[in-house]
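Asker: Once you've had a glance at the structure underneath, I'll fire off some questions.
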Amino acid sequence: MNSRKLFAGLASASMLLGLAGCGSSGGSSSSKPLIVGTTQELAGVFSPIFYSSAYDGWVVDMIYEPLLRYTKDSELKPYLAEEMPEVSEDGKTITFKIKEGIKFSDGTDLDANDVKFTFTLIADPSYDGRFTGTADYIEGYKEYHDGDAEDFSGIEVVDDHTVTFHLTETQYDSVSTLGGMGIISDEQYEYKKGDLGDYKSKNDQPMGSGPYVLNSYDKASGASLTKNENYSGTGDYKIDRVIIKTIAEATELTSLQNGDINYLAENIDADVIGPASLDEKLTFNYYFRPAEGYFGYNCQNGATADPAVRQALSYATNRQEFSDAYFKYPEASDELKEIPLGYVPTIYWNPVSANLGKIVTGEEKLDGLRTFDYDLDKAKQVLEDAGWKVGADGIREKDGQKLTVKFLLSEGNSVLDMLIPIIQKSWKEIGVDLKQNTVDFNTLLDTVTPGSGDNDWNVFFMATSYTGVENADSNYNLMSGDPNNYAGLKDEKLDAELKAGRSTMNEEQSVENYKKAMITENELVPYLPIYGNELFNIYAKNVKLTETGPVRSWAQALDSAEIE
């Protein structure tokens, strides 16, 4: 992911087997649209191999389908695949059987050639998206990406409905990574090696095999989708239209109450959740959020290129004060009062990791892991020891360089409205000259993306959402040179530990190596997690959309949804 890492977001797989039956038949359809509100604009990058934001990801999840998806209980299950793949003993050969009769929205068949084609696009020399890590360990990648090969040889089309991946090395997360990619048609546009053409330039014109098709998109107002008349997959999709509507910040609750929207997705704002719980016309569901809000430090430029500065800023950030204040309900129902909303993570890592998540949440301790409890004295000492001395104006400097920190902020962000005043005071006290620049979310994402050419920043704030339960997301987030490594961190020791964690089929060995990586990461602190939390979907009572979970979003749960 994605992040998938996904940014709101991310990088493994997603969701659940739907109910039996075709989406275009069985059950009654609803003429009432699902209107989903969001305060962030969609970027219009609706491609499974190019999207970055979680908001664009909603559209991708409704239009494209992967071989495997997670259930609401975080279990990986077959989706386009007939069954879970066959994996060789050494983990280097993985074979998927694809369901017959699956069609893209233009009526053409989805088969093994389309699966190979999807990964061929990622291996293309001109590909500059964030999913390189899903393909670069497949045999033939280097020959196709860097050489003269005309075919991605490591992906074998055995027959129309069987595809085998031959890997150069064992990857602990290979099944979920390969199985989680949305499949693209090899017939939608012309393609020649070295030129992705319309597959990149027309990301706002998606075509998948999923239950919905894009009807319209406008950056300012959002997107609308209608049912795919050629849908041949599983699930009884009763909602005919889905609208993702951009609304102004601070209007979330009133938009629900006056009917402008009927579903507010993935909300964390106590000032919205609390009062909504008292409204008799609204209801909610919630689950542990597979995400963290975090600071990203520029490890390549300016004062934050010094690890000591990153450590000091982290010690001088009172995350607990923020969490206690931000996640406090102003008013709430008795039911809601029993639900703790937020916590302070120990490390920037997947909090729903199947075997290391409890370290992230603080439920389990990891010996040797540096945690950044608020401590101004320690922050000052770290800077002193690193040679940052207080000048006459109260601002520290070293070798003629002022300790100036340029913070890149996204507009319309209630987290920052509360968090910035907290750090303005504490960072000033340790001798930091804090400067702020506010931009819209998509501009922020473009700016911090490696290769953007804009390195004139030191800190940014975003939230990362994870789409699976693997530890290997950190390989993307932290490995030197990875397009998901927004901090620009380069560290050979950490690279080796991350690679060792991923390059084995032995779970115990993988976990031990990832624990070493966690300890190293927090010494370097390229990212500081600010909060983790429960995630709330708030909606009108006539909306029935409850089969969501940590790695199954509302957009992936529409097969069981309806509007009464």
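The values are calculated or read from the model by the stated rules, or taken from the named source; none is laboratory data. Given the structure is predicted, the values throughout are model-derived calculations rather than measurements. Here Cβ is always computed from backbone atoms with ideal geometry, including for glycine, and neighbour counts include all displayed protein chains. Calculation scope for accessible area: heavy atoms of the full protein, side chains included, ligands and nucleic acids excluded. Shrake-Rupley method; radii C 1.70, N 1.55, O 1.52, S 1.80 Å.
Asker: Between the range 397-476 and the range 158-199, what's the alpha-carbon centroid distance in Å?
Answerer: The distance from the Cα centre of the range 397-476 to that of the range 158-199 comes to 34 Å.
Asker: Have a look at 182, 194, 172 and report the one farthest towards the positive end of the charge dipole of the range 164-203, computed about the Cα centre with Cβ charges (Lys/Arg +1, Asp/Glu -1).
Answerer: 194
Asker: Give the value in nm², to one decimal: projected area of the alpha carbon convex hull of the range 393-449, averaged over all directions.
Answerer: 4.7
Asker: How much accessible area per residue does the chain have, counting only protein heavy atoms and a probe of 1.4 Å, in square angstrom?
Answerer: Ligands and nucleic acids excluded, the result is 38 Å² per residue.
Asker: In the range 441-564, carbon and sulfur make up what percent of the accessible area (probe 1.4 Å)?
Answerer: Within the range 441-564, the accessible surface is 46 percent carbon and sulfur.
Asker: Too long at a 29 Å Cα-Cα cut-off: which of 32/219; 200/515; 202/493?
Answerer: 200/515; 202/493
Asker: Over the range 418-564, what is the relative contact order in percent, taking alpha-carbon pairs closer than 8 angstrom and at least six residues apart?
Answerer: After rounding, I find 13 percent.
Asker: From the C-alpha coordinates alone, can you work out the Kirkwood hydrodynamic radius of the range 49-146, in Å?
Answerer: Evaluated over the range 49-146, this radius sits at 15.3 Å.
Asker: Please give the direction-averaged projected area of the C-alpha convex hull for the range 320-440, in square nanometres with one decimal.
Answerer: If I average the Cα hull's projected area over directions, I get 10.8 nm².
Asker: Another question, then. Rg and Dmax of the range 96-151, Cα atoms, in Å?
Answerer: Cα only, the range 96-151: 13.2, 36 Å (Rg, Dmax).
Asker: Charges only on Cβ, +1 for Lys and Arg, -1 for Asp and Glu: so what's the dipole of the chain about the Cα centre, in debye to the nearest 20?
Answerer: 1260
Asker: 222 nm [θ] for the chain, helices only, -39500 (n - 2.57) per DSSP H run of 4+, per residue, to 500?
Answerer: -7000 deg cm²/dmol
Asker: Also, I was wondering about something else. Based on the mean of other beta carbon atoms within 10 Å per residue, what is the order of 453-461, 166-174, 325-333, 555-563, most packed first?
Answerer: 555-563, 166-174, 453-461, 325-333
Asker: Can I ask one more? Beyond 15 Å, what percent of the Cα pairs of the range 55-102 remain?
Answerer: 57
Asker: The chain: percent of C-alpha pairs farther apart than 32 Å?
Answerer: Cα-Cα pairs in the chain separated by more than 32 Å: 44 percent.
Asker: Moving on to the next point. Using the Kirkwood radius over C-alpha pairs as Rh, can you work out the diffusion coefficient of the range 493-564 via Stokes-Einstein at 10 °C, viscosity 1.306 mPa s, in µm² per second?
Answerer: Rounded to a whole number, D works out at 101 µm²/s.
Asker: For the range 524-564, what is the largest minus smallest coordinate of the Cα atoms on each principal axis, given in angstrom and ordered from greatest to least?
Answerer: Largest first, the range 524-564 extends 52, 18, 10 Å along its Cα principal axes.
Asker: May I ask you to work out the translational diffusion coefficient for the range 280-386 at 37 °C, viscosity 0.692 mPa s, via Stokes-Einstein with Rh from the Kirkwood sum over Cα pairs, reported in whole µm²/s?
Answerer: This corresponds to a translational diffusion coefficient of 201 µm²/s.
Asker: Residue by residue, what Karplus-based ³J(HN,Hα) values in Hz, rounded to whole numbers, does the range 109-121 have, using 6.51, -1.76 and 1.60 with θ = phi - 60° and x for Gly and Pro?
Answerer: 6, 9, 9, 4, 5, 5, 4, 4, 4, 4, 6, 5, 4
Asker: Using only Cα atoms, what is the ratio of the radius of gyration of the range 423-521 to 2.2 N^0.38 Å?
Answerer: After normalising by residue count via 2.2 N^0.38 Å, the value is 1.31.
Asker: Okay, next question. Considering only Cα-Cα distances, which of the following residue pairs are longer than 25 Å: 328/425; 358/516; 116/516?
Answerer: Violating the 25 Å limit, Cα to Cα: 116/516.
Asker: Next question, about the same structure. Quote the charge dipole size of the range 511-562 about the Cα centre in Debye, to the nearest 20; the model charges only the Cβ of Lys and Arg (+1) and of Asp and Glu (-1).
Answerer: In debye, rounded to 20, the range 511-562 gives about 100.
Asker: For the range 234-312, count all C-alpha to C-alpha pairs, find those more than 13 Å apart, and express that count as a whole percent of the total.
Answerer: Considering the range 234-312, 78 percent of its Cα-Cα pairs are separated by more than 13 Å.
Asker: Quick one: work out the % antiparallel among DSSP beta bridges in the chain, nearest 5.
Answerer: 75
Asker: Which aspartates and glutamates, if any, have their Cα less than 14 Å from the Cα of residue 97, not counting same-chain residues under 8 positions apart?
Answerer: 82, 83, 86, 111, 114, 156, 159, 160
Asker: Express the carbon and sulfur contribution to the solvent-accessible surface of the range 224-318 as a percent, rounded to the nearest whole number, probe 1.4 angstrom.
Answerer: Exposed carbon and sulfur together represent 44 percent of the surface.
Asker: Also: Sequence neighbours fewer than 8 away in the same chain don't count; with that in mind, list the aspartates and glutamates whose C-alpha is under 20 Å from residue 389.
Answerer: 306, 375, 377, 397, 399, 429, 433
Asker: On average over all directions, what projected area in square nanometres does the range 191-268 have, based on the convex hull of its Cα atoms?
Answerer: 8.0
Asker: Find the relative contact order for the range 292-369 and round it to a whole percent, using C-alpha pairs within less than 8 Å whose residues are 6+ positions apart.
Answerer: Here the relative contact order equals 21 percent.
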